[in-house]
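Report on the structure given below.
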Number of protein chains: 2
Amino acid sequence: MTRPRSDKLNTITSRDVARAANVSQALVSRAFSGNGRIAADTRERIFKAAAEIGWQPNALAASMVTGDAPLVAVITTRLSFDWRAQVLSHLLKAFEERHLQPLLFHAERDEEVDRLLAETISWRTRGVVVTAGVVQKARAEAILSRGQFLAALNRPANHERAFAIATDNRLGGRHAATVLADEGRQRLLVLAGPADSWASRSRTEGFVAAARDRGIEPEIWCNDAMSTDAGGACARRLLELSAAGRPDAVFATNDALGLGFIDGLRSSALGIPSDLSLVGFDNLPASAWAPYRLTTFEQPLDTMVAAVVGHIENHRQSELHMASPVPTPSADGVIYCPPQLIVRNTTRGQK
Amino acid sequence: MTRPRSDKLNTITSRDVARAANVSQALVSRAFSGNGRIAADTRERIFKAAAEIGWQPNALAASMVTGDAPLVAVITTRLSFDWRAQVLSHLLKAFEERHLQPLLFHAERDEEVDRLLAETISWRTRGVVVTAGVVQKARAEAILSRGQFLAALNRPANHERAFAIATDNRLGGRHAATVLADEGRQRLLVLAGPADSWASRSRTEGFVAAARDRGIEPEIWCNDAMSTDAGGACARRLLELSAAGRPDAVFATNDALGLGFIDGLRSSALGIPSDLSLVGFDNLPASAWAPYRLTTFEQPLDTMVAAVVGHIENHRQSELHMASPVPTPSADGVIYCPPQLIVRNTTRGQK
DNA sequence: CTGAAAGCGCTTACAG
DNA sequence: CTGAAAGCGCTTACAG
C-alpha cells in the first residue's frame with residue numbers, strides 16, 4: 001500500500017547496503033551508529049558497500065526512533081551590517097564544533113518572532129536559541145514543557161526555567177557615564193533606540209543612573225532605528241542647537257548610531273573629542289577604522305555563546321540522567337556578562 | 001519492546017489528540033495536512049483539542065512517510081562584516097517566504113566545504129545552496145544523483161545538472177577598467193584576493209582584458225585575505241613606490257580592500273581621486289559613508305536569490321511531474337547577472 | 001557476533 | 001466523511 005514518494009527518487013536505504021554487504025539491515029545500523037557489538041571486518045565490509053552505493057544513514061529516520069535529533073532552532077533577524085551577523089557567526093561555529101545542526105528561523109520583523117517560536121515546535125529540536133525579538137511567557141512555557149531548552153541571547157527569557165544570558169548593558173551604560181563625567185563633561189546626551197529595544201533601554205538606564213549619581217541629568221534622544229542614518233540625523237539635530245545648550249558628551253547606545261553621528265559632524269566645526277566626547281557600544285569592525293576610532297564597548301560574545309552551548313549540553317545531560325549544575329543568574333533570571341571598554345580616540349581617556 | 005526515548009519527555013502524539021477529540025488518529029493527520037475529506041466541524045474539534053494539548057504535527061515523522069522534508073541545506077562561512085552576511089540574510093528571507101526551512105552548515109574555512117556537503121546528505125533535504133568554497137564534481141554528482149538540487153551562489157557548480165548563478169564579475173572588472181581608462185588613467189593597479197578566490201580572479205581577468213584592449217597592462221597585487229587590513233597594507237606598499245612608478249588608478253576587487261586602502265592613504269599626501277582613482281566591488285554599507293564614498297559595483301543580490309529560489313521550486317515541480325523550463329546559463333554552466341556601477345567620489349566620473 | 005522483529009509518529013491508499 | 005492498516009527508514013532490546 002502507500003506509494004507516496006516520487007518514484008524517480010528511488011531512495012536507497014540501509015537495506016540496500018545490507019544486501020550488498022551480505023548482512024542483516026540491523027548490522028548496517030550498528031556499523032554506522034557505533035552502538036552494539038559488531039566484528040571489525042564485517043564493519044569494514046559494510047562501510048565499503050555503503051561507500052560504493054553512496055549511502056549514509058537517514059538522520060530524519062534515526063531521529064524518529066531515538067526520539068532525539070541533534071537539531072537546534074535559531075531565531076534571527078536581518079543580518080545586514082549588524083551586530084547580529086557576528087552573533088550568528090559565532091553561534092554557528094560553536095554548533096558546528098558540537099555537531100549540532102542549526103535550523104534557522106528568520107524574522108523579518110520582531111513581531112514575527114512569536115510565530116516562529118511556535119513553528120519551531122514542529123521540528124522537535126533539542127530547543128531554541130532566540131537572538132531576536134521578545135520571548136512571551138506562555139510561549140516559553142510551551143517550549144519548556146515539552147522538555148526542550150529555551151536560551152535567550154541578549155534578552156530576557158521571561159521564564160524561570162529558561163536560560164538567558166546577556167551583556168551587562170546597564171553596567172556598560174554606567175561605565176560610559178563614568179568615563180564621560182571623569183573627563184569633566186557636564187552636558188550629557190544619550191542616543192537611544194526605540195522604546196522596545198531592551199539593550200538600548202538598559203544601556204540608557206545605566207547611563208542615566210550613573211550620571212545622576214554625579215548630579216547630572218542627561219538628555220535622551222530616541223530613534224526609531226539604531227542605524228547610521230539615525231546617527232546622522234542626531235548629529236544634524238545637535239548642530240541646530242545653540243552652542244551654549246549643546247551637549248559636550250554623547251553616549252550612542254550602539255556603534256551604528258555612533259558612526260553615523262561622527263559622519264554627521266564632519267562638515268561642522270565641532271571636533272571630537274575636543275568639543276565633544278563620544279562613546280559607542282558593540283565595537284563593530286568599522287569602529288576601529290581610521291576615520292572613526294570610536295571608544296566603545298565590546299560585548300563578551302565568546303563568553304555568551306559558550307554559555308549557551310554549555311546550557312544546551314547540560315540540558316541534554318539532565319534529560320539523560322537528571323544531573324548537572326547551572327550558572328547562577330541574577331534576580332531577573334538573566335546571567336549578565338560585563339562588556340569591555342575599548343578606549344580609542346573619541347574620548348580624552350589616558351590612552 | 002524498544003523503549004529508547006527518554007521517558008521524561010512523555011511525547012504527545014496525534015494519537016493523544018485523536019483520543020481527546022474522539023476521532024481516529026488518521027483524521028487528526030487529515031485535519032492538519034488538509035489532504036483528504038474531513039467534515040468542517042470535526043476539523044474544528046480536532047484543532048481545539050490539539051491547541052489544548054499543545055500538539056502540532058511532527059515534521060520529522062511526516063517527512064519520513066512523504067519522503068520529502070521542506071528542508072534546504074545552506075553552506076556558509078564566517079559572516080563577520082562581510083558580503084556573505086547580506087547573502088545569507090536575503091536567502092533566509094526568501095526561504096521564510098516560501099516556507100522552506102534552512103538547515104545551516106557553517107564552514108570555518110573553505111576546505112571544510114566538501115565535508116559539509118557530504119554531511120548534508122544525512123538530512124535528506126530538497127537540496128543544497130552553496131555560498132562558500134568550491135563544489136567538487138564528484139560531490140555534485142553524489143548530490144544530484146539522489147534527486148536533490150544543487151545551487152551554487154557566486155561560484156561555479158562544476159556540474160551540468162547543477163544550478164549556478166553569479167554576478168558577472170568579468171563584466172564588472174571590464175567595466176571598472178573602462179571607467180578608469182576613460183578618465184585618462186594610465187598606470188592601473190589591481191588589488192586582488194588569493195588565487196583560489198573565483199570572484200576576485202574573474203574580476204581581475206575582466207579588468208586586465210579590458211585594460212589590454214586599451215593598450216594598458218595593469219599591475220596585480222595578490223592578497224591572502226580580502227580584508228580592510230590587507231587593503232591598508234597595499235596602501236603602504238604603494239606609498240613606498242617612487243612617484244613616477246606609482247599607479248594612478250586602483251581597482252580593489254572588493255570593497256573591504258578598497259576601504260582599507262583609502263584609510264591607508266589618509267596620512268599621505270596622495271588624494272583620491274585627484275592623484276589616484278579607486279573603484280571597489282560589493283557596495284558595502286560602509287562604502288557609502290562620508291569618509292569613503294567609494295565608487296563600486298553593487299551585486300544583483302535580489303535577482304540571484306530569486307533565481308535560486310526559482311530553481312528550487314522548479315526542481316520540485318519537475319520532481320513531481322517532470323516539467324518546467326530552466327533559465328539559460330552561459331557556456332560554463334553559470335548564469336551571469338550584471339553588477340551595477342555606483343558612481344561616488346573616488347572616481348572623477350561625471351557625477 | 002548476528003538476525004528477526006517491534007516500534008518511532010506520522011500519511012495515505014483502501015474500504016466502508 | 002471516517003477508520004483500520006500498511007509502511008516510511010531507521011534503532012534497539014531480545015534471542016540466538
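The values are calculated or read from the model by the stated rules, or taken from the named source; none is laboratory data. Since the model is a prediction, treat every value here as computed from it, not as a measurement. Note that we place each Cβ from the backbone using ideal geometry, even for glycine, and neighbour counts take in every protein chain shown. Heavy atoms of the whole protein, side chains included, go into the accessibility calculation; ligands, DNA and RNA do not. Shrake-Rupley method; radii C 1.70, N 1.55, O 1.52, S 1.80 Å.
Quick one: if the Förster radius is 25 Å, what FRET efficiency do A:ARG98 and A:ARG146 give, using the C-beta to C-beta distance and rounding to 0.05?
Result of the calculation: an efficiency of 0.70.
Over chain A, what relative contact order in percent results from Cα pairs under 8 Å that are six or more residues apart?
Reported relative contact order: 13 percent.
Which whole-angstrom value gives the distance between the alpha carbon centres of the stretch A:167-193 and the stretch A:212-274?
13
Mind listing the label-point distances from B:GLY349 to the same position on all other copies, shortest first, one decimal in nm, points 7 Å along Cα→Cβ?
Here B:GLY349 shows inter-copy label distances of 3.9 nm.
Hey, in the GNM for chain B with a 10 angstrom Cα cutoff, which one of B:ASP255, B:ASP16, B:ASP68 fluctuates hardest?
With Cα springs under 10 Å in chain B, the top fluctuation among B:ASP255, B:ASP16, B:ASP68 is at B:ASP16.
Enumerate the residues in the stretch B:285-311 having an amide nitrogen under 12 Å from the point lying 7 Å beyond the Cα of B:GLN340 toward its Cβ.
What the label zone holds, given the 12 Å backbone N cut-off, is B:297-303.
Could you state the accessible area per residue of the protein assembly as shown in Å², with a 1.4 Å probe and every protein chain left in place? Spell out each step's value before the answer.
Values: 30530 Å² over 702 residues.
Value for the protein assembly as shown: 43 Å² per residue.
Ignoring ligands, DNA and RNA, how much accessible area is buried between chains A and B, both sides summed, with a 1.4 Å probe, to the nearest 100 Å²?
Counting both chains, the buried surface is close to 5600 Å².
What is the count of Lys pairs in the protein assembly as shown whose alpha carbons sit under 24 Å apart, if the two are 8 or more places apart or on different chains?
Eligible lysine pairs with Cα atoms under 24 Å apart amount to 5.
Helix-derived [θ] at 222 nm for chain A: sum -39500 (n - 2.57) over DSSP H runs of at least 4, divide by residue count, nearest 500?
Value at 222 nm, helices only, nearest 500: -13000 deg cm²/dmol.
Simple spin-label model, 7 Å along Cα-to-Cβ: A:ASP332 to A:ALA243 in nm?
Those two pseudo-labels are separated by 4.2 nm.
Taking B:GLU313 in one copy and the same position in all the others, each labelled 7 Å out along Cα→Cβ, what are the pairwise distances from the first, in nm, shortest first?
The projected label point of B:GLU313 is separated from its counterparts by 4.3 nm.
Any chance you could run the full-extension gain for B:SER80 through B:ALA118? It's 0.36 nm times the residue separation minus the Cα-Cα distance, nm to one decimal.
11.2 nm
Any chance you could check the stretch B:58-87 for residues losing 50 Å² or more of accessible area when the partner protein chains are in, compared with the chain on its own (1.4 Å probe)?
Buried by the other chains: B:LEU60, B:MET64, B:LEU79, B:PHE81.
Tell me the relative contact order for the stretch A:169-298 as a rounded percent, counting alpha carbon contacts under 8 Å between residues six or more apart.
Over the stretch A:169-298, the number comes to 25 percent.
Ordered by packing density, taken as the mean number of other Cβ atoms within 10 Å over each peptide's residues, highest first, how do A:259-267, B:30-38 rank?
Highest to lowest by the protection proxy: A:259-267, B:30-38.
Could you check how much of the accessible area of chain A is carbon and sulfur, as a whole percent, using a 1.4 Å probe?
So the carbon and sulfur contribution to the accessible surface is 51 percent.
How much accessible surface does A:ASP302 have with a 1.4 Å probe, in Å² rounded to 10?
Solvent-accessible area, nearest 10 Å²: 110 Å².
Note the full-extension length gain between B:THR178 and B:ARG15 as 0.36 nm times their separation in residues minus their Cα-Cα distance, in nm to one decimal.
Between B:THR178 and B:ARG15, full extension yields 51.8 nm more.
Could you check the simple spin-label distance between B:GLN186 and A:ALA26, using points 7 Å along Cα→Cβ, in nm with one decimal?
Once both label points are built, they end up 8.4 nm from each other.
In nm, to one decimal, how far is the modelled label at A:SER33 from the one at B:ALA288, with both set 7 Å along Cα→Cβ?
In this crude label model, A:SER33 to B:ALA288 measures out at 5.4 nm.
Would you mind calculating the relative contact order of the stretch B:7-57 from Cα pairs under 8 angstrom and at least 6 residues apart, reporting the percent as a whole number?
In percent, rounded to a whole number, it is 41.
If the label for A:ARG161 sits 7 angstrom from Cα along the Cα-to-Cβ line, what are its distances to the same label in every other copy, in nm to one decimal, shortest first?
Its label point is 4.8 nm from the equivalent points in the other copies.
Under 17 Å from a label point 7 Å along Cα→Cβ of B:ASP275: give me every residue in the stretch B:330-351 with its amide N that close.
Label zone hits: B:346-348.
Rounded to the nearest 0.05, what FRET efficiency is calculated for A:GLU160 and A:ASP224 with R0 set to 35 Å and r the Cβ-Cβ distance? Walk me through the intermediate numbers first.
Values: r = 33 Å, r/R0 = 0.95.
Working from the Cβ atoms, E equals 0.60.
Springs between alpha-carbon atoms under 10 Å, Gaussian network over chain A: tell me which of A:PHE163, A:PHE47, A:PHE149 tops the mean-square fluctuations.
Sorting by GNM fluctuation, first place goes to A:PHE47.
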